[in-house]
Amino acid sequence: MSLRMSVGTLTFESPIILASGTCNFGRELSEYISFSRIGGICSKGLTLSPRLGNPGCRVAETPSGMLNSVGLQNPGIDYFLQNDLDFMSSLSTRVIVNVAGHDPDDYVRMTERLNDHSDQIDILELNLSCPNVKEGCMIIGSSPKEIFNLVALVRSITSIPLWVKLTPNVTSIADTALAAQEGGADAVVAINTLLGMAIDIRSARPILQNNTGGLSGPAIKPIALRMVNECSRVLSIPVVGCGGIMNYKDVLEFLIAGASLVEIGTATMVHPTTPECIINDLEKYTAENHIESLSDIVGTLKLWGV
Amino acid sequence: MKKEHRAELIDNKSMNSDSSLLVFRCPEIAEESRPGQFVNVSCSKFLKRPFGVNDTDSINGTFSIGVREVGEGSAEIRSLEPGALVDVLGPLGNYFPLENAKKLIMVGGGTGVYPLHFALKEARKANVQTIYICGFRCVSDSCLVDECEAFSDRFMITSDTGDVGIRGTVMDALYRLNENEYNDATVLSVGPEIMMKNVSQWAENIGLDCFVSLERRMACGIGMCLVCTCKIKTKNHDDLYENKRCCADGPIFNSREVVW
Ligand SMILES: Cc1cc2nc3c(=O)[nH]c(=O)nc-3n(C[C@H](O)[C@H](O)[C@H](O)COP(=O)(O)OP(=O)(O)OC[C@H]3O[C@@H](n4cnc5c(N)ncnc54)[C@H](O)[C@@H]3O)c2cc1C
Ligand SMILES: Cc1cc2nc3c(=O)[nH]c(=O)nc-3n(C[C@H](O)[C@H](O)[C@H](O)COP(=O)(O)O)c2cc1C
Ligand code: FES
């Protein structure tokens, strides 16, 4: 039995995708796992020019999770295209390029660069949700109107399938998800990290030198599940679930809530072999429970009537 | 493929007021570790904890780490009892470039003496002449004193209180070395950042190469998440720097490249 999933025009070897920023460009992880059954890999969030990211301490451990304030450290899109894309496409899994911009013009210019390599790129993931940079990104991603404008703009200049990664730091994720759909997105990814803070009581200073950071890991799973479900109920395009997945049961919860695929981030940082373990466990689970295809359980959530 | 190991704690002995030496059985880590590398040890906290490799024994398939208790994770690891099984990732990171060293001056402070002990042992095996200097706050903080004295050609110990060795810091010991002693040496330093900075200034001023082991809060430990970065000068541009990963590009850096 295979874990293959068809979503939109693409098939994925499994619903397990490696989330942006938690596996760099795949080189380090390729020493620990085989990518043959991985559904896809998202690049580290790329920007038009190289970025050093934020200074000082960038990680704080929190109950059942962690805060990060990396701030999109990346070599820039041109360096990536010359030095990392070939490696990613050699991994025999779907290649998802995550891009983040200051303003719509940045996204346009990066998309134009990616268009020249569309044979090597399966999906363009618009990061409208990084909480660790001052401009663009989450600011755009907090306004349905700006999301619609940006997605429509990028849609008009590329035929690469477009995923929009949403931020949970909004009042209504259904509204931002709908804006992405109306703009022409092929899927939405929910969710990126939640804005948070950790404090050192001795110095009375935030542990992160950026003061705030993005919360990830099991701590955010209930929020992510709720948001995936909210999105899937209002959208006609697929939802990619993300947030706090540590094991195969978490994956099943997300599929039931309405996700067609899932992204795994922090769990891979805790144990590099987690993606493979989850795939093994899913294979066992589907065999034992005579599940023909995992897509049969997508969106099967039976809400209580309240 | 690399994998995460399940290591069994064989021995745990207290070394001083706040640290212990833990010996684990794990043949792969024992076989592969080189001085300067570290391992990432699981505990009940969400993230693993990094510790420098203190020693290996490839015949018995064991390696050891020195653990200083500074918070909940290290306290839990320090209190493990023989027989305990823990997940360990490693060996991780780069290592001291020992191959071409004619003579080594090693300067350790606090828990920095644990990873330096490994370098000292390897240097002895390779018949490289060594000067070993360690600094502590006071005698009850000191550790690995007899072992390191036995393995080194010249040994000096300092303490802030003066209740053991030279009163003062490792710098006071370094200043006692004469030109004959330090000529042609490579310096290795592990310990508090301010100590490593002072040691490397001393070394650079007299034209010696100095390698330091930087410490950052880590998450993945294998170079994927970019939370552990250190400011490292861009090659051929003294005024530009890059953010290198402590866990994967380091933890060992040439002190001339470090932006302190
Ligand atoms: C490459 C490397 C090698 C190390 N080698 C040794 C060693 O040989 N012996 C030893 O005793 N300690 C070593 N450390 C430090 C050790 O990892 C930390 O003391 C330990 O992780 C603290 O965990 P905790 O839960 O007890 O502390 P927490 O309660 O989490 O924090 C207490 C203090 O520890 C520091 N700390 C917390 N997490 C980390 C982390 N992941 N990395 C660095 N500092 C941290 C914090 O800044 C804080 O001041 C090393 C660290 C690194 C990065
Ligand atoms: C260290 C770190 C770096 C991240 N970098 C990015 C990034 O560059 N772009 C992005 O879209 N999301 C980034 N994320 C968010 C993750 O892709 C993911 O959405 C989030 O961590 C929630 O999933 P998780 O709980 O499985 O980690 C990052 C997360 C972490 C922990
Ligand atoms: S801890 Fe993840 S890159 Fe160093």
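Since every read-out is calculated from the coordinates, none of them should be taken as a lab result. Note that the structure is a prediction, hence the values are computed from the model and not measured. Cβ: placed from backbone, ideal geometry, glycine included. Neighbour counts: every protein chain shown.
Annotations for the structure displayed:
- Taking a ≥ b ≥ c as the square roots of the eigenvalues of the alpha carbon gyration tensor, chain A is rounded, as a/c is under 1.5.
- Note on A:LYS165: lysines with a C-alpha under 17 Å away, same-chain residues under 8 apart excluded, are A:LYS44, A:LYS145, A:LYS221.
- A:LEU194 long-range amide H proximity, modeled H, under 5 Å: A:LEU215
- DSSP beta bridges in chain B [antiparallel fraction, %, rounded to 5]: 60
- Compared with the alpha-carbon gap, the fully stretched path from B:VAL259 to B:ALA150 is longer by 35.7 nm at 0.36 nm per residue.
- The label-point distance for B:ALA84 and A:ASN149, in a model that sets each label 7 Å from Cα toward Cβ, rounds to 5.7 nm.
- Among the residues of B:45-54, the average count of other protein chain beta-carbon atoms within 10 Å of the residue beta-carbon is 3.
- Peptide A:44-51 is shielded by partner chain Cβ atoms: per residue, an average of 1 of them sit within 10 Å of its Cβ.
- Put simply, when A:7-14, A:99-106 are sorted by average Cβ atoms within 10 angstrom per residue, most first, you get A:99-106, A:7-14.
- Looking at region A:220-306, the GluC sites (Glu not before Pro) that sit in a DSSP loop and have at most 15 other Cβ atoms within 10 Å of their own Cβ are A:GLU292.
- The mean of 1/r over all distinct Cα pairs in region B:103-213, once inverted, gives the Kirkwood hydrodynamic radius of 13.5 Å.
- Rg over Rh, two decimals, the protein assembly as shown (C-alpha only, Kirkwood Rh): 1.02
- About the Cα centre, charge dipole magnitude for chain A (Lys/Arg +1, Asp/Glu -1 at Cβ), debye: 720
- Of A:SER216, A:SER49, A:SER295, the one that fluctuates the most in a GNM where chain A has Cα springs shorter than 10 Å: A:SER49
- Taking the helices alone, chain A has a mean residue ellipticity at 222 nm of -9000 deg cm²/dmol, built from -39,500 (n - 2.57) per DSSP H run of at least 4 residues and averaged over all its residues.
- Multiplying the residue separation of B:ILE194 and B:LYS102 by 0.36 nm and removing their Cα-Cα distance gives an extension gain of 30.5 nm.
- Net length gained if the chain between B:ASN60 and B:GLU204 were fully extended (0.36 nm per residue, minus Cα distance): 47.8 nm
- Residue of A:LYS165, A:LYS249, A:LYS221 that the Gaussian network model of chain A assigns the largest fluctuation, springs spanning Cα pairs under 10 Å: A:LYS249
- DSSP bridge orientation in the protein assembly as shown - percent antiparallel, rounded to nearest 5: 50
- Part-to-part distance (alpha-carbon centres) for region B:25-74 and region A:204-238, which is given in Å: 33
- Förster-model FRET efficiency, 60 Å R0, A:THR300 and B:GLU179, C-beta, rounded to 0.05: 0.15
- Straight-line reach from B:LYS121: taking Cα to Cα under 28 Å and skipping same-chain neighbours fewer than 8 places apart, the lysines in range are B:LYS2, B:LYS3, B:LYS13, B:LYS48, B:LYS102, B:LYS103, B:LYS197.
- In range of the label at A:LYS284: residues from region A:1-34 whose backbone nitrogen is under 16 Å from the point 7 Å along Cα→Cβ: A:1
- Seen from A:VAL59, the other residues with C-beta closer than 10 Å to its C-beta sum to a net charge of +2, counting Lys and Arg as +1 and Asp and Glu as -1.
- Look at the stretch A:64-74: the mean tally of other chain Cβ atoms within 10 Å of its residues' Cβ atoms is 3.
- Residue among B:VAL199, B:VAL145, B:VAL113 with the largest mean-square fluctuation in a Gaussian network model of chain B, springs linking Cα atoms under 10 Å: B:VAL145
- Residues A:GLU182 and A:THR212, FRET efficiency given R0 of 41 Å [Cβ-Cβ distance, rounded to 0.05]: 0.85
- Sequence-distant residues sharing a close amide H with A:ILE264 (under 5 Å, placed H): A:ILE17, A:LEU18, A:ALA19
- In the protein assembly as shown, taking the dipole from charged Cβ atoms about the Cα centre, the farthest positive-side position among B:LEU22, A:GLN73, B:LEU85 is held by A:GLN73.
- In sequence order, calculated HN-Hα J values of region A:27-38 (Karplus, 6.51, -1.76, 1.60; Hz; x Gly/Pro): 4, 5, 5, 5, 7, 10, 9, 8, 8, 5, 9, 6
- Cα Rg over Rh - region B:4-92, Kirkwood: 0.92
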